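**Student:** Structure below; questions to follow.
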Amino acid sequence: MSGQSFGQFLPVHEIRSAITIYFNGQATPACAGETVIAAVLRSHGYLGFSEFDGAPRAGFCLMGACQDCSLWLPNGRRIRACMTAFEPGMTVASRPPLGHEQ
């Protein structure tokens with residue numbers, strides 16, 4: 001289907017360059033400028049796990065209000081996956097790195 005347009009729309013991978021990011025140590029394809037949550041959910045289907053029953057979770061409000069999409073950078077900084085655009089080579093994790101637990 002490469003090159004096929006859908007009315008005014010083109011598949012995002014045809015108009016944005018492909019990049020690789022890392023989620024929990026796994027290489028994950030992403031498109032330049034897309035949000036962390038979009039790339040991670042497309043490839044992995046979850047962002048983290050519920051603290052109550054261990055079930056996979058995928059975010060909730062998708063507008064930066066609930067913090068259910070929180071992920072961590074290697075330096076311990078927490079980000080909201082729904083509000084953060086990926087950068088090439090970016091690394092995120094579903095749990096804080098050792099020494100940065102909250």
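**Student:** So, in the range 26-49, exactly how many residues are touching a residue at least 12 places away in the same chain (Cβ under 8 Å) and loosely packed, with under 12 Cβ neighbours inside 10 Å?
**Tutor:** Final tally of qualifying residues: 2.
Condition check ((1) out of contact with any Leu (no Cβ under 9 Å at 6 or more places or on another chain); (2) outside any strand (DSSP E or B); (3) modelled with pLDDT under 85) across all residues:
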{"residue": "Glu14", "(1), (2), (3)": "yes, yes, yes"}
{"residue": "Thr20", "(1), (2), (3)": "yes, no, no"}
{"residue": "Ala38", "(1), (2), (3)": "yes, yes, no"}
{"residue": "Leu41", "(1), (2), (3)": "no, yes, no"}
{"residue": "Asp68", "(1), (2), (3)": "no, yes, no"}
{"residue": "Gly99", "(1), (2), (3)": "yes, yes, yes"}
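**Student:** Going residue by residue through the range 50-68, is there one that turns out to be farther than 20 Å from Cys31 by Cβ, surrounded by 16 or more Cβ atoms within 10 Å (Cβ to Cβ) and of a type in the set (Gly, Ala, Ser)?
**Tutor:** no
The values are calculated or read from the model by the stated rules, or taken from the named source; none is laboratory data. Please read all numbers here as calculations on a predicted model, not as lab measurements. Note: ideal-geometry Cβ built from the backbone for every residue, glycine included; neighbour counts use all protein chains shown.
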